[in-house]
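Worksheet for the structure shown next.
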Amino acid sequence: MRDVLRVPEGERVDLSAFPADATPAGPSDKAAALADTARMGERLADLQERLYAGSTSGDRRRLLLVLQGMDTSGKGGTVKHVIGLFNPSGCRIKAFKAPTPEEQNHPFLWRIMRELPRPGEIGIFDRSHYEDVLIARVRELVPRAQLGRRYGQINRFEKSLADDGVTVVKVFLHISYEQQRRRLLERLDNPDKHWKFNPGDIEERALWPAYQEAYEIALERCSTDAAPWYLVPSDRKWYRNWAISKLLLEHLEAMDPQYPKADFDVEESRRRLLSEG
């Protein structure tokens, strides 16, 4: 899946060329996807435990999943259905909202660095530093020259993470304009979901073309060998969850974390326990 969904480095991105309801290299249908996702859960949990265990003996490696996408694209759903396959004690989840006054007084990457996963952890960012080249671009929150420099800053930052043992998995949840409207209407039709609806979402839809362009630029300029982007069609929730689970599995298997060797005499400890009265 890494090869299938990866955004090639340096190539122009046209999101209209990627159907948001596609299921590249996926299971044949929803039932098969749900079953396969469930099967992956046991292997993911095992790899997570190995990653965490390795950190107790000095292994600094960790994984960071970055989720970006338009409203209703499924960032929260991914956290619920995919990250739910892991042990929560080994996860560090952060949802980035609008910057606070304190955060605005620092460089834009400051608040990101404070939330990075520690060795042995799996970090999940619901939105991320990319907001500072997405909404900042669409809403013209910073001068264009400053915005242009941020892409290079992001690439250098992510390269430094990779050099420090962080496997960065960046996922763009790609949904269609029509699917977003359906999901917003579902929230309006269900009183239990009114809390998730913001009338401002309708205003944001008017800026859809500008956001698509902003995402295309970010995907083009910031898909690197150190931290590539993966484009996941997300109109079908079952495919989204399966594809991200598969991406995480492939990355963790490539990391191949191992349980640390015992730093004590195993047989002596066994002898002492068995010799107890």
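Of everything in the range 141-184, what is at pLDDT below 95, open to solvent by 30 Å² or more (accessible area, probe 1.4 Å) and aliphatic (A, V, I, L, M)? Give them in sequence order.
Of everything in the range 141-184, those that are at pLDDT below 95, open to solvent by 30 Å² or more (accessible area, probe 1.4 Å) and aliphatic (A, V, I, L, M) turn out to be Leu141, Val142, Ala145.
What number of residues in the range 196-255 are charged (D, E, K, R), closer than 20 Å to Tyr151 by Cβ and touching a Leu at 6+ places or on another chain (Cβ under 8 Å)?
Number of matching residues: 1.
Before we move on, is Ala53 open to solvent by less than 40 Å² (accessible area, probe 1.4 Å) and more than 21 Å from Ala243 (Cα to Cα)?
So Ala53 passes the test.
Across the range 64-97, which residue is nearest to Arg183 (Cα to Cα) among those that are polar (S, T, N, Q) and open to solvent by less than 30 Å² (accessible area, probe 1.4 Å)?
Applying the filter and picking the extreme gives Thr72.
Find all pairs meeting these conditions: Cβ atoms under 8 angstrom apart; at least six residues apart or on different chains; first residue within the range 62-77 and closer than 22 Å to Leu252 by Cβ; second residue in a loop (DSSP other than H, G, I, E, B) and aromatic (Phe, Trp, Tyr).
Listed by first residue and then by second, the contacts come to Val66/Tyr130; Gln68/Tyr130.
Can you tell me which condition Asp36 does not meet? The list is (1) in a helix (DSSP H, G or I); (2) touching a helix residue (DSSP H, G or I) at 6+ places or on another chain (Cβ under 9 Å); (3) under 30 Å from Gln212 (Cβ atoms), and all the others hold.
So the condition that Asp36 fails would be (3).
Taking the range 56-108, which residues are in a loop (DSSP other than H, G, I, E, B) and within 12 Å of the chain's Cα centre (by Cα)?
Correct list: Gly74, Val82.
Looking at the range 71-105, which of its residues are aliphatic (A, V, I, L, M), at pLDDT 90 or above and touching a strand residue (DSSP E or B) at 6+ places or on another chain (Cβ under 8 Å)?
Listed by number, the residues that qualify are Ile93, Ala95.
Give the residues of the range 1-33 that are in a loop (DSSP other than H, G, I, E, B) and charged (D, E, K, R), sorted by residue number.
Glu9, Glu11, Arg12, Asp14, Asp21, Asp29
Residues are listed down the side, and each one gets a yes or a no for (1) touching a Lys or Arg at 6+ places or on another chain (Cβ under 8 Å); (2) assigned to a helix (DSSP H, G or I); (3) without any contact (Cβ under 8 Å) to a residue 24 or more places away in the chain:
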| residue | (1), (2), (3) |
| --- | --- |
| Val171 | no, no, no |
| Glu178 | no, yes, yes |
| Arg183 | no, yes, no |
| Glu186 | yes, yes, yes |
| Ile202 | no, yes, yes |
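What are the residue pairs meeting all of these: first residue in the range 250-265, first residue under 30 Å from Tyr230 (Cα atoms) and part of a helix (DSSP H, G or I), second residue open to solvent by 60 Å² or more (accessible area, probe 1.4 Å) and at pLDDT below 95, Cβ atoms under 7 Å, and 6 or more apart or on different chains?
Glu250/Arg2
Scan the range 10-21 for residues that are within 18 Å of Trp229 (Cβ to Cβ) and surrounded by 14 or more Cβ atoms within 10 Å (Cβ to Cβ) and report the count.
So the count comes out to 4.
If you go through the range 31-44 one residue at a time, do you hit one that is open to solvent by 50 Å² or more (accessible area, probe 1.4 Å), without any contact (Cβ under 8 Å) to a residue 60 or more places away in the chain and within 26 Å of Arg114 (Cβ to Cβ)?
No, there is no match, as no residue in the range 31-44 is open to solvent by 50 Å² or more (accessible area, probe 1.4 Å), without any contact (Cβ under 8 Å) to a residue 60 or more places away in the chain and within 26 Å of Arg114 (Cβ to Cβ).
Would you call Arg6 open to solvent by 20 Å² or more (accessible area, probe 1.4 Å), at pLDDT 95 or above, of a type outside the set (Phe, Trp, Tyr) and under 30 Å from Asp263 (Cα atoms)?
Considered against the rule, which asks whether it is open to solvent by 20 Å² or more (accessible area, probe 1.4 Å), at pLDDT 95 or above, of a type outside the set (Phe, Trp, Tyr) and under 30 Å from Asp263 (Cα atoms), Arg6 comes out as no.
Just give me the residues in the range 187-241 being polar (S, T, N, Q) and either over 21 Å from Ile154 (Cα atoms) or in contact with a helix residue (DSSP H, G or I) (Cβ under 7 Å, 6 or more places away or on another chain) (or both), in sequence order.
Asn190, Asn198, Gln212, Thr224, Ser234, Asn241 - these are the residues of the range 187-241 that are polar (S, T, N, Q) and either over 21 Å from Ile154 (Cα atoms) or in contact with a helix residue (DSSP H, G or I) (Cβ under 7 Å, 6 or more places away or on another chain) (or both).
If Met255 meets every condition in (1) under 19 Å from Glu131 (Cα atoms); (2) open to solvent by less than 40 Å² (accessible area, probe 1.4 Å) apart from one, which number is that one?
It is condition (1) that Met255 fails.
The values are calculated or read from the model by the stated rules, or taken from the named source; none is laboratory data. Being a predicted model, the structure only gives us computed values, none of them experimental. In this analysis, Cβ positions are derived from the backbone assuming ideal geometry, glycine residues included, and neighbour counts consider all displayed protein chains. Ligands, DNA and RNA are stripped out before the accessible areas are found, and what is left, the full protein with its side chains, is counted by its heavy atoms. Shrake-Rupley method; radii C 1.70, N 1.55, O 1.52, S 1.80 Å.
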